[in-house]
Amino acid sequence: MMWKFKTLFTIFLIQWICFFSNAQSVSYSSHNSVHTYKSKDSFSSYEIQHKGKIEVTENDQAIKSISSGGFLKVSKTTFGNKRAIVIESTSSGNLQYTYYVGKKATPFTPEGKAWLADIMLDVIRKTGISAESRANRIYKKSGVDGVIEEISEIESSRVKSRYFEALLGNSNINNKGLATIAKSIGTSISSSSERGRLYRKFSNKFFNNDEVAIAYFEGVGRISSSSEKGSILRHVLKLHKLSDNMMVGLLEACTRISSSSEKGSVLREVNDLFSNNEKVIEAYFEAVDNISSSSERGSVLRGLLKNNQLNGPAMSALLKSTGNISSTSEKGSVLRLVLEHPLPNNETAYKEFFKIADRISSSSEKGSVMRKFLGNTELSSSNVGVWFYESTASISSDSERGSVLRASYEYLGKYTEVDKEFFQTVKSISSSSEKAYVLRKLLNNKDNISESLLLGIIETIPNISSSSEKSRILIDVIEVMPKNNQKIKDEVLSAAKTISSDSEYRRIMEKIHNLE
């Protein structure tokens with residue numbers, strides 16, 4: 001029973017020690033070229049000060065040299081026991097050692113020398129002294145992987161950066177090594193600003209090879225700060241010519257930016273360099289579709305349309321992305337700009353366009369888009385015309401629906417299916433005055449109106465509820481209809497019978513009688 005108690009107590013003691021030893025505070029500061037490191041936990045404390053260029057021995061256990069006027073001071077307290085050492089460079093270039101145990105100066109050799117050897121690697125990793133020469137030494141012995149392994153033993157992002165800088169200053173590193181470095185900057189350094197500084201400063205190292213550049217963007221994508229990520233990507237876009245594969249890597253990193261404004265800012269820069277390459281299109285619109293802000297997404301898509309001639313797949317992807325914009329005004333704004341570019345010569349693009357237009361809830365916005373369509377697009381097939389009127393019929397406002405229909409008269413008379421859909425859309429208008437106005441304007445705007453259109457107008461009249469409106473449009477019809485066309489005359493008489501007002505009905509009969 002006793003051994004169980006001892007085991008449990010030991011486990012508890014280890015956990016207690018680990019908990020409190022992890023509660024560590026660390027600070028760095030610099031003043032008048034003197035750099036200070038301080039750390040403290042529940043059992044020990046460190047204070048290190050250094051000035052000047054300090055080089056360490058190859059075994060990392062002693063000081064090799066200190067530049068003139070420089071020094072290294074190390075003080076460590078463990079469980080109340082304090083030791084300290086001061087190493088200074090003399091005027092003659094020699095090193096002078098002063099070693100303390102508590103407050104008492106003690107000969108440096110052998111105890112102080114042994115203590116320095118014991119803590120030296122820890123001091124090196126905490127302060128970054130001799131970082132450049134150590135990185136070069138480790139690289140010569142163990143290559144890039146050896147330096148990366150050493151960096152993993154260092155806590156400070158600032159110190160890690162110095163080792164990466166030393167690596168990247170080496171012109172002999174191959175593409176595989178550069179790719180490893182690019183990824184490691186993103187995984188090894190916790191500070192977004194330090195990562196950003198390195199990626200910007202050494203970006204010219206990473207864009208002579210697709211694989212290296214893609215590794216670079218993978219590392220950039222791991223940065224948590226949206227502003228740093230955006231800054232790096234904009235920097236790259238301004239300074240480097242990117243292959244399609246590199247652009248895909250950049251866009252994938254852009255997708256991982258959480259801020260809509262930062263993401264939009266990067267994509268607007270991409271717009272100037274957009275490629276109709278299939279992979280670029282896919283990566284670009286994945287990034288766009290991850291923008292939550294309607295105004296940002298609209299701004300990006302309008303910028304793309306203004307600067308580029310999109311191929312079929314790119315235009316299709318743009319339309320789908322536009323459909324996912326929640327703001328009606330932004331959706332309408334993009335669709336109107338789409339119409340200033342020729343849609344791909346296939347019905348799929350037109351069908352997609354009307355599908356997106358039908359997601360516009362605002363009648364005025366949708367009416368504006370449909371009128372823009374009429375002004376910028378030829379009727380390429382009967383299907384396009386039918387889809388146009390089907391989409392127009394879903395506009396909730398009678399006045400907007402009527403306005404679009406009045407602007408569409410040039411579409412009529414080419415395809416029977418289109419004419420039929422036009423009159424079906426007229427019938428969908430609930431307002432008698434608006435419905436009649438559309439029909440009267442059609443009569444006035446079509447010289448030598450065809451029999452089929454005239455019959456379409458007459459067949460639509462019974463759908464008007466107002467007797468006076470029915471009468472007015474029938475009189476207009478009688479004035480333009482061929483006098484010897486019995487079929488049209490019979491249809492007029494049939495429509496007249498739907499007029500409930502006796503006086504209006506008599507007006508129609510008198511008008512017909514006067515023609516005979």
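Quick one: count up the residues across the range 248-291 that are at pLDDT below 95 and hydroxyl-bearing (Ser, Thr, Tyr).
So the count comes out to 1.
Filtering the range 96-117 down to residues that are of a type in the set (Gly, Ala, Ser) and touching a strand residue (DSSP E or B) at 6+ places or on another chain (Cβ under 8 Å), which residue is surrounded by the most Cβ atoms within 10 Å (Cβ to Cβ)?
Gly112
Among Ile154, Ile148, which is the only one that is farther than 15 Å from Thr127 by Cα and without any contact (Cβ under 8 Å) to a residue 60 or more places away in the chain? Don't jump to the end; show me each part of the working.
On the way: Ile154 fails: farther than 15 Å from Thr127 by Cα.
Matching residue, one of Ile154, Ile148: Ile148.
If you scan the range 473-503, which residues turn out to be more than 22 Å from Ile449 (Cα to Cα) and out of contact with any Leu (no Cβ under 9 Å at 6 or more places or on another chain)?
If the condition is that a residue be more than 22 Å from Ile449 (Cα to Cα) and out of contact with any Leu (no Cβ under 9 Å at 6 or more places or on another chain), then Lys497, Thr498, Ser500, Ser501, Asp502, Ser503 are the ones that fit.
Which one of the conditions (1) within 25 Å of Leu198 (Cβ to Cβ); (2) touching a helix residue (DSSP H, G or I) at 6+ places or on another chain (Cβ under 7 Å) does Lys241 fail to meet, given that it meets all the rest?
(2)
Tell me which residues, restricted to the range 104-128, are without any contact (Cβ under 8 Å) to a residue 12 or more places away in the chain and outside any helix (DSSP H, G or I).
Lys104, Ala105, Thr106, Pro107
Suppose we keep only residues that are under 17 Å from Val34 (Cα atoms) and among the aliphatic types (A, V, I, L, M) within the range 58-95. Which one would you say is surrounded by the fewest Cβ atoms within 10 Å (Cβ to Cβ)?
In this case the residue turns out to be Val86.
Output the number of the condition that Glu47 fails; it satisfies all remaining conditions of (1) acidic (Asp, Glu); (2) touching a residue at least 40 places away in the same chain (Cβ under 8 Å); (3) under 18 Å from Tyr99 (Cα atoms).
(2)
Just for strands (runs of 3 or more DSSP E) wholly inside the range 11-56: which have at least 1 residues that are aliphatic (A, V, I, L, M), at pLDDT 90 or above and in contact with a helix residue (DSSP H, G or I) (Cβ under 9 Å, 6 or more places away or on another chain)? Even if it seems obvious, please write down each step before you answer.
Values: elements: 25-31, 34-40, 44-51, 54-56.
Correct list: 44-51, 54-56.
Yes/no per residue for (1) closer than 30 Å to Lys441 by Cα; (2) crowded, with 17+ Cβ neighbours inside 10 Å:
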| site | (1), (2) |
| --- | --- |
| Leu318 | no, yes |
| Ser321 | no, yes |
| Asn324 | no, no |
| Asn383 | yes, no |
| Ser396 | yes, no |
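Considering only residues that are within 53 Å of the chain's Cα centre (by Cα), in a helix (DSSP H, G or I) and of a type outside the set (Ser, Thr, Tyr), which ones fall in the range 460-492?
Selection gives Ile461, Asn463.
Take the conditions in contact (Cβ under 8 Å) with a residue 12 or more places away in the chain, of a type in the set (Phe, Trp, Tyr) and over 22 Å from Tyr163 (Cβ atoms) and apply them to Phe207. Does it pass?
Yes.
List pairs: first residue in the range 75-95 and under 19 Å from Lys113 (Cβ atoms) and modelled with pLDDT of 90 or more, second residue surrounded by 10 or more Cβ atoms within 10 Å (Cβ to Cβ) and of a type in the set (Asp, Glu) anywhere in the structure, Cβ distance under 7 angstrom, at least six positions apart or on different chains.
Ser75/Glu47
Among the residues of the range 373-397 satisfying the criterion of being hydrophobic (A, V, I, L, M, F, W, C) and assigned to a helix (DSSP H, G or I), which is farthest from Asn346 (Cα to Cα)?
Here the residue is Ala393.
Of all residues in the range 402-436, which are β-branched (Val, Ile, Thr) and surrounded by fewer than 16 Cβ atoms within 10 Å (Cβ to Cβ)?
Thr416 - this is the single residue of the range 402-436 that is β-branched (Val, Ile, Thr) and surrounded by fewer than 16 Cβ atoms within 10 Å (Cβ to Cβ).
Condition check: touching an Asp or Glu at 6+ places or on another chain (Cβ under 7 Å), at pLDDT 95 or above and crowded, with 22+ Cβ neighbours inside 10 Å. Does Gly298 satisfy that? Can you show your working first?
Values: touching an Asp or Glu at 6+ places or on another chain (Cβ under 7 Å): yes; at pLDDT 95 or above: yes; crowded, with 22+ Cβ neighbours inside 10 Å: yes.
Here the answer is yes, as Gly298 does meet what is asked.
Just wondering, is there one or more residues in the range 409-416 that are farther than 14 Å from Val438 by Cα and either in contact (Cβ under 8 Å) with a residue 40 or more places away in the chain or not assigned by TED's automatic domain parsing to the domain that holds Pro342 (or both)?
Looking through the range 409-416, at least one residue is farther than 14 Å from Val438 by Cα and either in contact (Cβ under 8 Å) with a residue 40 or more places away in the chain or not assigned by TED's automatic domain parsing to the domain that holds Pro342 (or both).
Which of the residues that make up the range 207-232 are touching a Leu at 6+ places or on another chain (Cβ under 6 Å) and more than 18 Å from Val270 (Cβ to Cβ)?
Val212
For every residue, the table says whether it meets (1) under 20 Å from Gly303 (Cα atoms); (2) among the basic types (Lys, Arg); (3) surrounded by fewer than 18 Cβ atoms within 10 Å (Cβ to Cβ).
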residue	(1), (2), (3)
Ser190	no, no, yes
Glu194	no, no, no
Glu211	no, no, yes
His240	no, no, yes
Asp272	yes, no, yes
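(1) crowded, with 17+ Cβ neighbours inside 10 Å; (2) of a type in the set (D, E, K, R); (3) at pLDDT 95 or above: which one isn't true of Glu390, the others all being true?
All conditions are met except number (1).
If I go through the range 168-213 residue by residue, how many of them are under 18 Å from Met247 (Cα atoms) and part of a loop (DSSP other than H, G, I, E, B)?
Residues in the range 168-213 being under 18 Å from Met247 (Cα atoms) and part of a loop (DSSP other than H, G, I, E, B): 4 in total.
The values are calculated or read from the model by the stated rules, or taken from the named source; none is laboratory data. This structure is a prediction, so every number in the text was calculated from the model and none was measured. So basically every Cβ, Gly included, is an ideal-geometry build from the backbone, and we count neighbours across all protein chains shown.
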